[in-house]
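The values are calculated or read from the model by the stated rules, or taken from the named source; none is laboratory data. None of the values given here were measured: they were computed from a predicted structure. Ideal geometry is used to build each Cβ from the backbone, glycine not excepted, and the neighbour counts take in all protein chains shown.
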Amino acid sequence: MTMQSTSPATPRGWKALPGAFAATGTVPAAAARVHKPLVEVWDRLRAENLLPLGTALPGSAVPRIVSEYPLHRDAGTVALLAAELGCTRVMLHRHAQLLEVHEASPPPRAFERLTPEVARGLLERFRHGRGGVGEWCLRRGYSVAEFSTGMERALGAEYRQVVLTKRRPNTSRLGRSLEWRVRDVLVGAGYRVMRAAASRGAADFIAVRRDGNLMVQVRRGGFLAPAEWNELIELAEAGRMTAVLVSSPLGGELHWYRLTGPKDGAGGRQPMEPWAVPEWSADETGKAGP
């Protein structure tokens with residue numbers, strides 16, 4: 001004789017929502033448990049007065065909170081977003097906690113939607129923060145390229161001027177040390193390395209090897225303004241060289257990029273791609289100089 005279980009069946013769908021929310025404490029986690037869309041779960045919890053918010057915003061506000069709150073928080077402009085949504089700053093923060101974005105990094109492509117107001121808030125934080133663009137972005141989990149592109153689109157010359165004032169001169173000990181590291185890597189790979197324009201021109205080094213030559217710019221934070229970027233591209237193309245940008249935002253690993261085209265100032269992704277120093281074979285390239 002087959003014995004049947006007397007334990008109750010596990011609730012599924014909307015019936016499981018109150019228990020899932022009580023167990024997890026956040027709306028995304030509850031939505032994942034009941035396999036329902038986030039906005040629908042929010043509206044169901046709101047309709048059943050299960051959200052511990054007093055007067056909760058409707059589900060139509062959820063996508064904006066998820067996508068915009070992290071940047072407003074970092075820029076110090078949460079009150080601006082709260083006013084647009086029709087709630088207080090404290091209430092918006094409580095909404096963000098329930099949606100698990102109160103401590104989250106900005107979502108992908110967030111910087112494509114930067115408004116001048118939010119961009120200026122971020123600019124002030126960057127102006128008074130420690131380090132250049134690369135170091136400042138990495139500490140916050142930002143993409144350096146997306147941040148710089150979004151800020152240039154929103155503020156243009158205002159952003160570039162702050163970047164220039166925070167940049168350490170190439171003659172600083174830190175900058176010189178980074179240049180030496182890059183030079184040593186290139187020499188070890190068989191290139192003859194020569195300094196270009198005393199580090200004040202379009203490039204820091206010209207690296208010559210039988211199978212191809214490089215025009216190399218070294219920037220700790222990896223940022224080049226459009227005019228500098230385009231000059232490097234133009235001179236490299238004129239000399240039939242590969243334009244290379246090397247960065248090391250935190251002073252550790254070197255990051256190498258090949259510039260693939262000019263910046264047009266219209267925003268979008270920076271025209272570059274990761275690049276690795278080609279391996280050197282003495283049979284192919286001959287003996288390298290000092």
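Condition (residue is in a loop (DSSP other than H, G, I, E, B), at pLDDT below 80, farther than 25 Å from A96 by Cα and of a type in the set (A, V, I, L, M, F, W, C)) applied to the range 182-198: is it met by at least one residue?
yes
If you go through the range 217-245, how many residues are under 22 Å from T165 (Cβ atoms) and not in a helix (DSSP H, G or I)?
Count: 10.
Among the residues of the range 31-73, how many are of a type in the set (F, W, Y) and closer than 23 Å to G13 by Cβ?
Count: 1.
Is it the case that R209 is more than 20 Å from L254 (Cα to Cα) and modelled with pLDDT of 90 or more? Step through it out loud before you land on a result.
Numbers: more than 20 Å from L254 (Cα to Cα): yes; modelled with pLDDT of 90 or more: yes.
Spelling it out, R209 is indeed more than 20 Å from L254 (Cα to Cα) and modelled with pLDDT of 90 or more.
Can you name the residue in the range 225-246 that is more than 15 Å from L186 (Cβ to Cβ) and under 20 Å from the mean Cα position of the chain (by Cα) and is also surrounded by the fewest Cβ atoms within 10 Å (Cβ to Cβ) among such residues?
Per the criteria, the residue is P226.
Filtering the range 69-79 down to residues that are in contact with a helix residue (DSSP H, G or I) (Cβ under 6 Å, 6 or more places away or on another chain) and either under 18 Å from Y142 (Cα atoms) or of a type outside the set (G, A, S) (or both), which residue is surrounded by the fewest Cβ atoms within 10 Å (Cβ to Cβ)?
Step one: filter the range 69-79 for residues in contact with a helix residue (DSSP H, G or I) (Cβ under 6 Å, 6 or more places away or on another chain), giving 69, 71-72, 75-79.
Checking the rest, the ones that are also either under 18 Å from Y142 (Cα atoms) or of a type outside the set (G, A, S) (or both) come to 69, 71-72, 75-78.
Numbers: Y69: 24, L71: 25, H72: 25, A75: 21, G76: 14, T77: 21, V78: 21.
The qualifying residue surrounded by the fewest Cβ atoms within 10 Å (Cβ to Cβ) is G76.
Based on what the data block shows, is L178 at pLDDT below 90 and in a helix (DSSP H, G or I)?
So L178 passes the test.
Do you know which residues across the range 136-173 are surrounded by 13 or more Cβ atoms within 10 Å (Cβ to Cβ), at pLDDT below 80 and in a helix (DSSP H, G or I)?
Hit for the range 136-173 is K166, nothing else.
Of the conditions (1) within 20 Å of the chain's Cα centre (by Cα); (2) in the same structural domain as W42 (by TED's automatic domain parsing); (3) surrounded by 17 or more Cβ atoms within 10 Å (Cβ to Cβ), A61 fails just one. Which one is it?
Unmet condition: (1).
Tell me, which residue of the range 94-117 that is part of a helix (DSSP H, G or I) and more than 16 Å from the chain's Cα centre (by Cα) is nearest to T77 (Cα to Cα)?
Filtering the range 94-117 for residues that are part of a helix (DSSP H, G or I) and more than 16 Å from the chain's Cα centre (by Cα), the one nearest to T77 (Cα to Cα) comes out as E117.
Considering (1) more than 30 Å from G251 (Cβ to Cβ); (2) of a type in the set (D, E, K, R); (3) surrounded by fewer than 18 Cβ atoms within 10 Å (Cβ to Cβ), say which one R127 fails and leave the rest.
Going through (1) more than 30 Å from G251 (Cβ to Cβ); (2) of a type in the set (D, E, K, R); (3) surrounded by fewer than 18 Cβ atoms within 10 Å (Cβ to Cβ) one by one, R127 breaks only (1).
Quick check on my filter: what residues within the range 23-37 are without any contact (Cβ under 8 Å) to a residue 40 or more places away in the chain and buried (at least 17 other Cβ atoms within 10 Å of the Cβ)?
Scanning the range 23-37 gives A30, A31, V34, K36.
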